[in-house]
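Take a look at the structure set out below.
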Amino acid sequence: MAVVVPHASTGSAVRETAEELLPATPELGRGMADHLSAAIPEIGQIEDDELRAELLASSEANVGQVLRMLAHGARVDDITVPHEAMDFLRGNVRRGLPLAVILRSYRLGHAWLWDQWSEVLQERVEDSGELAAGQDESSAFMFAYVDRISAALVEEFGTERERMVRSAEQLRWDTLQPILAGDPVDTDAASRRLGYELRRDHVAVRVSSGASEVEGLERAVGEAAAALAGGEPLVIASGAARFDVWCGSFDALATEALEHYEPPPRVLVAFGKPGTGVAGFRRSHDEAKQTARIGALVGDARPSVMSYARVELVSLLSSDLPRARAFVASQLGPLAITGGTAERLRETVLAFLVSGGSPTRVAEELFVHKNTVAERIKRAEEALGRGVDERPVELEAALTLAAGLGDAVLGDPEGVGG
């Protein structure tokens, strides 16, 4: 059914309201994603950072397209499916989520966005007749938008599901899930289905990128596996721009070559510690996932190759990120901010605590004079309001979080008093 365009003043009100809301697209996208996570248990109860990221990207892309089209008076025929929405759909097909869950997310997202939109439109348009016409116009468009997008997603769901069902990848995926869940498995049968021997040593690797299309992602998978010098790797496409990889060997696996590997730009290679048998296969994968989580939190400041052995403590301390942020703020006070001076003081105090309180060792490590170390410790204690030897365990943990996660747990200098 065609959308009826009302008189010019109403169209102008709708367009101007949409233009005003466009800069708030990221905030609206986050709000919609939060709402959907809370309202849909199949999404909100899954411990999957990639699912959350894909949901957020899809929400923001759909909100942005709706507002842009309303702002420009676009027609329903101009609606296209954002690639972020397709990535969310394909990722959920691989996770085994039913189509009904995805369609429900659009119905609930539509209702949530309509509430936000309607509130702003009512504040902007005083004339009741013009308001009613504007609501009719925008409501008709949003219903048409969800209908058009849903129809395209239904078709793509069938195509993607059929592709997976017919592929060996689906068999491997179905075999993999109970292993990763810790369920009892027939090791020999699972090895045959995976085409990968489980009764040996393993190192798990997660190769990923924040972008949906990155040149060299699959090449990085092969090169990272080659650096471990194991046998034929097990490679699973586990997300829109993510591969989970296992390299196995009956001899001890060395990770030094992988640590020095340089992947293509925008690609993160995260790997766990070596493990033996099914339990080691699963544990190393969990560690690779946690390492990738830390890499995503650090963002562009992270190295391109990260090992769990180097971030294990930070991973454990940041398992509850909001509480980790609050902990850092409470322990470091004025030092819990970004910026050169605070960073130098944190670095010095952390080195001092790790060294057992030896200014000489800290001076050698940081290439500064012992007097500089003493001065920095004094300034840090003044900022903290206590000596660095008071509650040293808590202080070292907070400093370790700040050093490992940076902006993810630190505040903006402008937002911190004192």
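Once you reduce segment 130-197 and segment 73-117 to the center of their Cα atoms, the two points are 13 Å from each other. Note that the chain carries a Kirkwood radius of 24.7 Å, evaluated over its alpha carbons pair by pair. When Lys and Arg each count +1 and Asp and Glu each count -1, what net charge do the other residues less than 15 Å away from GLU42, Cβ to Cβ, add up to? Here the count lands on +2. The charge dipole of segment 181-246, taken about its Cα centre with unit charges on the Cβ atoms of Lys, Arg (+1), Asp and Glu (-1) only, comes to about 60 debye.
Helix 370-384 sits at what angle to the longest principal axis of the chain, using alpha carbons and giving 0 to 90 degrees rounded to 10? Result, in degrees: 50. Compactness of segment 273-418 was expressed as the Cα radius of gyration divided by 2.2 N^0.38 Å, which yields 1.13. Taking every alpha-carbon pair under 8 Å whose residues sit at least 6 apart, the chain reaches a relative contact order of 11 percent. Using C-alpha pairs under 8 Å with a sequence gap of at least 6, the mean separation divided by the residue count of segment 224-300 gives a relative contact order of 23 percent. Per residue, the chain exposes 49 Å² of accessible surface when a 1.4 Å probe is rolled over the protein heavy atoms with every protein chain present. Put the Cα centre of segment 270-343 next to the Cα centre of segment 345-418 and the gap is 19 Å. When the helices of the chain are scored as -39500 (n - 2.57) per DSSP H run of n ≥ 4 and the total is divided over every residue, the value at 222 nm lands at -21000 deg cm²/dmol. Which one of SER191, VAL393, ALA292 has its Cα pushed farthest toward the positive end of the charge dipole of the chain, where Lys and Arg give +1 and Asp and Glu give -1 at the Cβ? Selected residue: SER191.
Between the helical axis of 321-332 and the longest alpha-carbon principal axis of the chain there is an angle of about 50 degrees. Angle of helix 277-298 to the longest C-alpha principal axis of the chain, folded into 0 to 90 degrees and rounded to 10: 70°. With the charge dipole of segment 226-379 set up from +1 on Lys and Arg Cβ and -1 on Asp and Glu Cβ about the Cα centre, the Cα lying farthest toward the positive end among the listed residues VAL267, GLY339, ALA241 is that of GLY339.
Charged side chains reduced to their Cβ positions (Lys and Arg at +1, Asp and Glu at -1) give segment 128-227 a dipole of some 600 debye around its Cα centre.
What percentage of the solvent-accessible surface of the chain, computed with a 1.4 Å probe over protein heavy atoms, is contributed by carbon and sulfur atoms? Of the solvent-accessible surface of the chain, carbon and sulfur hold 50 percent. Could you tell me which residue out of TYR308, HIS83, ALA403 lies farthest along the dipole of the chain toward its positive end? Charges go on the beta carbon: Lys and Arg +1, Asp and Glu -1, centred on the Cα centre. Working it through, the farthest residue towards the positive pole turns out to be TYR308. Taking 1.002 mPa s as the viscosity and 20 °C as the temperature, the Stokes-Einstein diffusion coefficient of segment 66-156 based on its alpha-carbon Kirkwood radius rounds to 148 µm²/s.
In a simple Cβ point-charge model (Lys, Arg +1; Asp, Glu -1; nothing else charged), segment 1-121 has a dipole of about 400 debye relative to its Cα centre.
Ordering of 120-132, 65-77, 40-52 by packing is 65-77, 40-52, 120-132, highest average first (other Cβ atoms within 10 Å, averaged per residue).
Estimated at 0.36 nm per residue, the fully extended path between ALA39 and HIS72 surpasses their Cα-Cα distance by 8.7 nm.
The values are calculated or read from the model by the stated rules, or taken from the named source; none is laboratory data. Everything numeric in this text was worked out from a predicted model, so none of it was measured. Note that we place each Cβ from the backbone using ideal geometry, even for glycine, and neighbour counts take in every protein chain shown. Areas reflect the complete protein model, heavy atoms only, side chains present, ligands, DNA and RNA absent. Shrake-Rupley method; radii C 1.70, N 1.55, O 1.52, S 1.80 Å.
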